[in-house]
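Report on the structure given below.
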Amino acid sequence: MDTDARPALAVWKFASCDGCQLTLLDCEDELLPLAGHVRIAHFLEMSTAEDSADPATLAGTGPYDLSLVERSVTTAEDVLRIHRIRRISRRLVTIGACATAGGVQALRNFADVEEFRAAVYASPEYIATLDTSTPIAAHVPVDFELRGCPIDRGQLLEVITAFLAGRKPNVSAQSVCFQCKRRGTTCITVARGIPCLGPVTHAGCGALCPAYGRGCYGCFGPVPHPNLEAMVRQLRHDGMSERDILRVFRTFNAASPEYAPVPGLIAEETTHPAAEEGPR
């Protein structure tokens, strides 16, 4: 009988690059104190230990007080696994652009998967995959979504601490523009006419790219209720083509429902362009 009273933490992976799991391992100094307050019961990136009776399933036995899920759902087996993980998890948090918005691999959603498979693999008949890459929330209820590609270590520790303490995570829903202002970075769009997704992108990166003179490219996903009409208009004003606008919105968060209206807005702006000065 297990007498360890610490809350059980599980970390799961589906289809992605593992970068968000590595963010947890990179916490270093913070990870050891955390381990004193939580029992890491399932985390294959960190340990070869597997608490499942059948390790080949990579499913674990549970129950778990908190499950962190990285990556998107891209196979039929993924669908079965995420439903089981949800059943044995008291709280489930998705981490990273793949788990929250389908990730880079969701570009398949707008193309022919069979063509990709034939081009990449010598024996494509052995590759079983879905036609789409979808976020975890498209399949099971999710208690919190932590965005980023990869996620921010400070936000990750806040989420883990909050759920273990039984409170709501204190993660700002503001845009990257707020972080630019806090660090004293001059707006590169206003000053230099550089296209930037900062106004519609979730804060968390520390406004890293604008601080070094390049536009935000949206790796932290959409803010709640983004003003996409104004953003598309501004990007056109700053010289971006229809193809480039579509590309920047789809790069990291292709399956994000918040960005679904973008193609229609691009077409409308191309057909009926607004005034030259852009949105105010």
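Distance in nm between label sites at R192 and D4, each 7 Å beyond Cα in the beta-carbon direction?
Once both label points are built, they end up 4.9 nm from each other.
Cα axis of helix 262-271 to longest principal axis of the chain: angle in degrees, 0 to 90, nearest 10?
10
If D143, D131 are ordered by their accessible area, calculated over protein heavy atoms with a 1.4 Å probe, which sequence runs from highest to lowest?
D131, D143
Counting only protein heavy atoms and a 1.4 Å probe, tell me what percentage of the range 1-154's accessible area is made up of carbon and sulfur.
On the way: 4360 of 7740 Å².
About 56 percent, which is the carbon plus sulfur part of the accessible surface.
Would you check the accessible area of R81, probe 1.4 Å, heavy atoms only, in square angstrom rounded to 10?
Around 50 Å² of this residue is reachable by solvent.
Any idea what Rg and Dmax come out to for the range 61-104 if you just take the C-alpha atoms, in Å?
10.5, 31
Could you rank R6, R87, R214 by how accessible they are, 1.4 Å probe, largest area first?
In descending accessible area the options line up as R87, R214, R6.
Using only the alpha-carbon atoms, how far is helix 76-87 inclined from the longest principal axis of the chain? Give it as 0 to 90 degrees, nearest 10.
Here the helix axis deviates by roughly 70 degrees.
For Cα extents along the principal axes in Å, the choices are (1) 56, 39, 36; (2) 95, 39, 36; (3) 71, 49, 28; which was calculated from the structure?
So the calculated entry is the one marked (3).
Antiparallel as a % of all DSSP beta bridges within the chain, to the nearest 5? Please list the in-between numbers first.
Values: 4 of 22 bridges.
Beta bridges within the chain, antiparallel portion: roughly 20 percent.
How much of the accessible area of the range 158-262, probe 1.4 Å, is carbon plus sulfur, in whole percent?
Here it works out to 53 percent.
With viscosity set to 0.890 mPa s at 25 °C, what whole-number translational diffusion coefficient in µm²/s follows for the range 165-280 from Stokes-Einstein and a Kirkwood radius over Cα pairs?
This corresponds to a translational diffusion coefficient of 168 µm²/s.
Starting from the Cα gyration tensor of the range 102-175, multiply each eigenvalue by 5, take the square root, and state the resulting semi-axes largest first in whole Å.
Numbers: eigenvalues 251, 33, 26 Å².
The three semi-axes for the range 102-175 are 35, 13, 11 Å.
State to the nearest 20 debye the size of the charge dipole of the chain about its Cα centre, where the only charges are +1 on K and R beta carbons and -1 on D and E beta carbons.
780
Please calculate how many Å² of accessible area the chain carries per residue, with a 1.4 Å probe and no DNA, RNA or ligand atoms counted.
51
Can you give the calculated 222 nm mean residue ellipticity of the chain, where each DSSP H run of n ≥ 4 adds -39,500 (n - 2.57) and the sum is split over every residue, rounded to the nearest 500 deg cm²/dmol?
Details: 12 runs with 95 residues, N = 280.
After summing the helix terms and dividing by the residues of the chain, the value is -9000 deg cm²/dmol.
Compute the long axis of helix 153-165 from its Cα atoms, compare it with the longest principal axis of the Cα atoms of the chain, and write down the angle in degrees, 0 to 90, nearest 10.
50
Which sequence of D4, D238 reflects their accessible areas, 1.4 Å probe, from the largest down?
D4, D238
Pairs of alpha-carbon atoms within less than 8 angstrom and 6+ residues apart define the contacts here; what relative contact order does the chain have, in percent? Mind showing how you got there, number by number?
On the way: 498 pairs, mean separation 46.6, N = 280.
The normalised contact order for the chain reaches 17 percent.
Order 28-37, 172-181 from most to least packed using the mean count of other Cβ atoms within 10 Å.
172-181, 28-37
Counting Lys +1, Arg +1, Asp -1, Glu -1, what net charge surrounds R117 among other residues with beta carbon under 11 Å of its beta carbon?
Result for the neighbourhood of R117: -4.
The values are calculated or read from the model by the stated rules, or taken from the named source; none is laboratory data. The structure displayed is predicted, hence computed values, not measured ones. No Cβ is skipped: glycine too gets one built from the backbone with ideal geometry, and neighbour counts run over all protein chains shown. The accessibility values were calculated without ligands, DNA or RNA, using every heavy atom of the protein model including side chains. Shrake-Rupley method; radii C 1.70, N 1.55, O 1.52, S 1.80 Å.
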